[in-house]
1. Right, Gly23: at pLDDT below 85, surrounded by fewer than 12 Cβ atoms within 10 Å (Cβ to Cβ) and on the phi > 0 side of the Ramachandran plot or not?
2. Quick one: which of Ile127, Ile133, Ile90, Ile101 is surrounded by 14 or more Cβ atoms within 10 Å (Cβ to Cβ), at negative phi, among the hydrophobic types (A, V, I, L, M, F, W, C) and in contact with a Gly (Cβ under 9 Å, 6 or more places away or on another chain)?
3. Which one is surrounded by the most Cβ atoms within 10 Å (Cβ to Cβ) among residues in region 46-87 that are among the aliphatic types (A, V, I, L, M) and touching a strand residue (DSSP E or B) at 6+ places or on another chain (Cβ under 8 Å)?
Amino acid sequence: MRQSTITDFFKDIIIPPLCAVCGKLSHEIVCSSCRAAIETVDSPICIRCGSPVPGSVQNVENCSQCRDQGYAFYRHRSFSLYRGNMKRLIQGFKYDRVYEIGKLLANFLYEAYLKYYHGYMVDYIYIVPGRHIELLAERLSSLSGIPFVDNIIKIRDIYRQQGLGYYQRRENVRESFKIRDCLAASGRNILLIDDVWTTGSTLKEICRVLSESNTGKIFILTLARGN
């Protein structure tokens, strides 16, 4: 028996592996029951922003929100809805720093990438600045083969978005980001990732800055979207 196997064996006896959601014994970070309860985003959706379209029987080209706001990105897709088990996992990873959850979340991003974007040419992975997102991007880069480039920086402090209204969120992030190397972004198709799309204020602001650098298509991929 290899040393690492012996170590793992005794570690599991002393601290049995538990599901990060329900706390029950599990050989995976999330047990199969909790994994199955995560609500994915299914059709019908808006083809542009990925938002569910209640009352429709098919996907729509541009929902009313897309037409009203004139988004700078080409597509946005999320793996799941931000509630229930997915909300618990993201918060555990982001705030409690249970980094083992990050491997699973990155796998979710990869599943969504394969489902929605695998047929497109993507040059680089960019992120909303943040250490937890950087960890996801590094693993997603390894899984997808798309280079992760740390080319977006935050140039001023912003207030936490939680609790702010839509227009307050938009003004809170205005002029808060810049591109390190505009030439490196020019003409390139970018996969921009973040954990949660709520109002999308931060992502939309970054897309605005990217579009000023003459990027190609911007594909947004998030773990979850708010209701």
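1. Numbers: at pLDDT below 85: no; surrounded by fewer than 12 Cβ atoms within 10 Å (Cβ to Cβ): yes; on the phi > 0 side of the Ramachandran plot: yes.
Criteria not met by Gly23.
2. The match here is Ile101.
3. Taking the candidates together, the pick is Met86.
The values are calculated or read from the model by the stated rules, or taken from the named source; none is laboratory data. Treat the numbers as computed from the prediction; the structure is a model and nothing was measured. We place every Cβ from the backbone using ideal geometry, glycine too, and count neighbours over all the protein chains shown.
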